[in-house]
Structure formats: C-alpha cells, structure tokens
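The values are calculated or read from the model by the stated rules, or taken from the named source; none is laboratory data. Bear in mind that the values here come from a model prediction, so they are computed numbers and not experimental data. FYI the Cβ positions are ideal-geometry reconstructions off the backbone, even for glycines, and counts take in every protein chain you see. For accessibility, only protein heavy atoms count, side chains too; no ligands or nucleic acids. Shrake-Rupley method; radii C 1.70, N 1.55, O 1.52, S 1.80 Å.
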Amino acid sequence: MSELRRHWTPTAVLFLVLAVAGLVGTWTFNVLAIVQMSDFLGDLVTSGPAVSSITVDLLVVAIAGSAFIIIEARRLGMRFGWAYVVLSGITAFAFTFPLFLAMRQRHLTARREATAGA
C-alpha cells in the first residue's frame, strides 16, 4: 500500500483533486446535454458572444496546454504524454490537464528521490 502513496506531494494531490473536480463538473453538464438531446457543438458557438468568447478562450488554452503536455512529457521522459491529449476529447481537458500535472509532479518527485539516493 505504501507503494501507491509514494511520490504524492501536496502539489500532486492538489492537481489530482482539480482533475476530479474538472471531470465531475464537466460531465455533469455533458450528461445534462445528452439527456436534453442538445446540439452540443452548435450551442457552443451560437449562444451569443459571451459564450463564444469563453469557447475561444478555453479552446486556445486547451491547445496551448496540449502542446505543453506533449513537450513536457517528452522532455521529462514520461511515457504516453499524447494519451492525456486524446483522453481530453473523451472526458474533458479540465480533467486531463490537472491529471497530467499530478502525474508530472509525481514523476519529478520520483526523479528527485532517485537522484538524492544515488
């Protein structure tokens, strides 16, 4: 059991909590849209300038974050960095980005401990 808790710093736990909040928060509305048979993509761009502004804002952040995930995962030698980007299309970027940050923090902590122990 202690192996499961290794490398979980307070920062990693914070990012993991944010990932869970992002998953629950987005999927609550996704399920509501599905139940109401809403035109999900159409609603994003046709519900007025404020919604369109938020949509563009979040889209740009998601693209920048996706690039960061792939570049940072490669830089640190983390495997399957691309999977977080793919998973965001199935779940939500509000889930996968903080999840990546949590796993990144664990990876950095493990690396730091390995270096200190060597």
Run down Ala94, Ala118, Ala67, Ala110 and say which single residue is of a type in the set (A, V, I, L, M, F, W, C), modelled with pLDDT under 95 and surrounded by fewer than 12 Cβ atoms within 10 Å (Cβ to Cβ).
-> Ala118
The residue from Leu18, Leu41, Leu32 that alone is touching a residue at least 12 places away in the same chain (Cβ under 8 Å), part of a helix (DSSP H, G or I), open to solvent by 60 Å² or more (accessible area, probe 1.4 Å) and not basic (Lys, Arg) is Leu18
Counting only residues in the range 44-64 that are modelled with pLDDT of 85 or more and surrounded by fewer than 12 Cβ atoms within 10 Å (Cβ to Cβ), the one nearest to the chain's Cα centre (by Cα) is identified as Ala64
Are there any pairs, at least 6 apart or on different chains, whose C-beta atoms fall under 6 Å, with the first in the range 96-118 and over 17 Å from Thr26 (Cβ atoms) and the second outside any helix (DSSP H, G or I), and if so, which?
-> Gln105/Thr9; Arg106/His7; His107/Met78; Thr109/His7; Thr109/Thr9; Ala110/His7
Are there any pairs with C-beta distances below 9 angstrom linking a residue in the range 65-83 that is among the basic types (Lys, Arg) to a residue that is assigned to a helix (DSSP H, G or I), with the two at least 6 apart or on different chains, and if so which?
-> Arg74/Gly81; Arg79/Ala73
Name the one entry in Gly89, Gly77 that is surrounded by fewer than 15 Cβ atoms within 10 Å (Cβ to Cβ), closer than 21 Å to Arg111 by Cα and not β-branched (Val, Ile, Thr).
-> Gly77
